[in-house]
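All of the numbers you see were taken from the coordinates with simple rules; none came from a lab. Quick caveat: nothing in here was measured; it's all calculated off a predicted structure. Backbone-built Cβ (ideal geometry, glycine too); neighbour counts: all protein chains shown.
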Ligand SMILES: *[C@@H]1O[C@H](CO)[C@@H](O)[C@H](O)[C@H]1NC(C)=O
């Protein structure tokens, strides 16, 4: 009897140590995309309405956006025509250029990808100082091809149209090293403010990169996070993993 009990206990402990505890976020439906950073959470729904989370209320932001980001660079977004906007004093001011996706998770700079999958970066000075059409916008164009691009303190991660994964080190002046190829396949990837990396593959499975440190920014390998639903989008900040299913259900997970 005692031996049986001991054997049964071990798989349970293993399962608990890896599990994330997820709850459905009941007061928001049909999100398309979500981004968490620096304690803030923003999202867009499938009707391209942008939201900002305050307490448990999803506050509607003005305008219409297909992608929104929050982080050290502030709040930025793009609309369905790929026009770029920065949130300034309760409203959106347009910034010259066209991007289909962008990310403000780097050290106060912006990265993004345009409709041809060309990667771009905006320096910290230009990102932080941008306040309207008269501010300079020296977009730096990088080699390579990426459809989704996200930065954190230890580097920038991106995926291309074949779902191949790449890592690049980038500083706040948009000075970059070459892309290095990382094993695996993901259709979107997000780097958190603390440097951890999460992504979703084409089948809707969620992965996180293990072993990332300042001296080993590429980490060691991918771990699957069981979700029980096909997921389309993921973001992580301050212990909370936010996931949106392909069917539009949002969950928040802790572990
Ligand atoms: C998106 O949000 C707006 C504003 O709350 C709402 O009217 C619309 O129905 C939402 N779209 C979907 C698909 O739920």
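Worth a mention:
- Theoretical gain in end-to-end length, residue 213 to residue 135 [0.36 nm per residue, Cα-Cα removed]: 24.5 nm
- Modelled spin labels at residue 26 and residue 220, positioned 7 Å past Cα toward Cβ, are 4.1 nm from each other.
- Equivalent ellipsoid, the stretch 22-254 (semi-axes from 5 times Cα gyration tensor eigenvalues, Å): 24, 23, 15
- Taking other C-beta atoms within 10 Å as the exposure proxy, 100, 246 rank 246, 100 from fewest upward.
- Modelled spin-label separation between residue 178 and residue 107, with each label point placed 7 Å from Cα along the Cα-to-Cβ direction: 2.3 nm.
- Computed [θ] at 222 nm, helices only, for the chain once each DSSP H run of length n ≥ 4 contributes -39500 (n - 2.57): -3000 deg cm²/dmol
- Between helix 2-18 and the chain: long-axis angle, C-alpha atoms, 0 to 90°, nearest 10: 0
- Sorted by Cβ density within 10 Å, fewest first, the residues 193, 118, 254: 254, 118, 193
- Sequence of 240, 209, 124, 60 once ranked by neighbouring C-beta atoms within 10 Å, starting from the fewest: 60, 240, 124, 209
- Euclidean distance of C-alpha centroids, the stretch 32-74 and the stretch 131-167, integer Å: 20
- Taking 0.36 nm per residue of sequence separation and removing the Cα-Cα distance, the residue 82/residue 56 pair yields an extension gain of 6.4 nm.
- Taking each residue as 0.36 nm, the span from residue 89 to residue 162 lengthens on full extension beyond its C-alpha to C-alpha distance by 22.4 nm.
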